[in-house]
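Below: the structure, in structure tokens.
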Amino acid sequence: MRIKTAIMAVGLVFAATGAAQAVTVQKSTFKNTQLSLFTSLETTIDCGNGTTSTATASMFLSGGSFVNPFGTGSGTSVDVFGFSNGCTGQSFGDAEGFIQGGIIGPNQPLTSAQLTGSVDANVDFGAGGTVPISLDLTFTGDGPLSSSRATTETKTATTPSGPFTITIQRGAFRNRSADVTGTITIDGVVFPVDLTNGATLIDNSSTTITVDKP
């Protein structure tokens, strides 16, 4: 997301008195790009000694980028549910973590993005220790681009000694479904990913103009 703020003082003249009244005009622009994915994972793993078994899990990913006066960066929230390794017997109900950085895109107009990185996620809210999770995924926009816009206005005006408030907000939202390919690795188990329309690429922005009389 990108936030740009400009503040300036201007003079307004009220006809009733001919006196100039200073007001503060603030314009804030917000822009954010995101990607999200929910998938069920399954793969056959080699247990050794000529035997194989199945590993399963479900995962939710939500990533985005931001730039604001307090810092810049990007990251992805990672949630794994119901992991089970048939070879080792290991299983857990939930693991949560956050990967710093590792996001490229989504580009415009939401046609591609890449997500990489790793984290030691907390298992069962930390009670079960941690589990290593790594991502290497490519998102390719597929399907029509959906978009919408909205405008909200608030106006207040009284005598020169009273309040003077004008708030105008405009927003735009776009999204597109995406195919996903690559791998998700959980505790050493590599899950291949090949999904059609399995993810969503998102782009939203808003501009707010606020006028206040000090």
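Points worth noting:
- Within region 107-133, the set of residues being of a type in the set (A, V, I, L, M, F, W, C) and outside any loop (DSSP other than H, G, I, E, B) comprises Ala113, Leu115, Val119, Ala121, Val123, Phe125, Val131, Ile133.
- Test: residue in region 2-11 that is at pLDDT below 60, under 30 Å from Gln108 (Cα atoms) and among the polar types (S, T, N, Q): yes
- Residues satisfying the stated conditions in region 161-204, i.e. of a type in the set (Asp, Glu) and more than 28 Å from Ala150 (Cα to Cα): Asp179, Asp187, Asp194
- Among all residues of region 40-62, there is none that is modelled with pLDDT under 80, in a strand (DSSP E or B) and not charged (D, E, K, R).
- The set of residues in region 173-214 being closer than 30 Å to Ser53 by Cα and surrounded by 19 or more Cβ atoms within 10 Å (Cβ to Cβ) consists of Val180, Ile184, Ile186, Asp187, Val189, Phe191, Val193, Ala199.
- Restricting Thr165, Thr159 to those that are assigned to a loop (DSSP other than H, G, I, E, B) and at pLDDT below 95 reduces the list to Thr159.
- Cβ-Cβ contacts under 8 Å between residues 6 or more apart (or on different chains), taken from a first residue in region 75-99 that is without any contact (Cβ under 8 Å) to a residue 40 or more places away in the chain to a second residue that is outside any strand (DSSP E or B) and buried (at least 17 other Cβ atoms within 10 Å of the Cβ), are listed as Gly75/Gly102.
- Any hit, region 86-106, residues being in a strand (DSSP E or B), at pLDDT 95 or above, in contact with a Ser or Thr (Cβ under 6 Å, 6 or more places away or on another chain) and surrounded by 15 or more Cβ atoms within 10 Å (Cβ to Cβ): no
- Within region 107-136, the set of residues being of a type in the set (Asp, Glu), loosely packed, with under 15 Cβ neighbours inside 10 Å and modelled with pLDDT of 90 or more comprises Asp120 only.
The values are calculated or read from the model by the stated rules, or taken from the named source; none is laboratory data. Please read all numbers here as calculations on a predicted model, not as lab measurements. As a convention, Cβ positions derive from the backbone with ideal geometry for all residues, glycine included, and neighbour counts pool all protein chains shown.
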